[in-house]
Amino acid sequence: MKVLIANQDLVSELVPMSECIGVMEGAFKMLARGEALLPLRTMLILPNGQDLMGLMPSYLGGLQSVSVKVIAAFPSNYGTEYDSH
């Protein structure tokens, strides 16, 4: 099994916007044909009540692939040396 962790720079490099439109069209077609599973995202709100982590899993049968988008948001980092996402 291969695992790829793609940050924003790598995604932009691998799938330029001109290609992304076609890729998204294909994904939406798989979804319409029932070949994709996209459960509701899971949100974990941290004890401070404002920071969170979101998990968005998916399965694309046409590609026989699974993926998960993970995002963490820390609004308390605004104005500090740390990123908010």
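In segment 1-42, what trypsin sites (Lys or Arg not before Pro) fall in a loop by DSSP, with at most 13 other Cβ atoms inside 10 Å? Could the numbers behind the result be given before it?
Numbers: sites: LYS2, LYS29, ARG33, ARG41; in loops: LYS2, ARG33, ARG41.
Sparse-neighbourhood loop trypsin sites (Lys or Arg not before Pro): LYS2, ARG33, ARG41.
Loop-resident chymotrypsin sites (Phe, Trp or Tyr not before Pro) (DSSP state other than H, G, I, E or B) in segment 34-85 with no more than 13 further Cβ atoms inside 10 Å of their Cβ: TYR78, TYR82. With the convex hull of the Cα atoms taken as the outline of the chain, the averaged projected area works out to 7.5 nm². Modelled label positions at LYS2 and TYR59, each set 7 Å beyond Cα in the direction of Cβ, lie 2.2 nm from each other.
Where does helix 17-32 land angle-wise versus the long Cα axis of the chain, in degrees 0 to 90, nearest 10? Compared with the principal axis, the helix lies near 70 degrees. Applying a DSSP loop filter and a limit of 15 other Cβ atoms within 10 Å to the GluC sites (Glu not before Pro) in segment 1-50 leaves GLU35.
Just so you know, all these numbers are worked out from the coordinates, no wet-lab data involved. What you see is a predicted model, and the numbers here were worked out from it, not measured in a lab. Here Cβ is always computed from backbone atoms with ideal geometry, including for glycine, and neighbour counts include all displayed protein chains.
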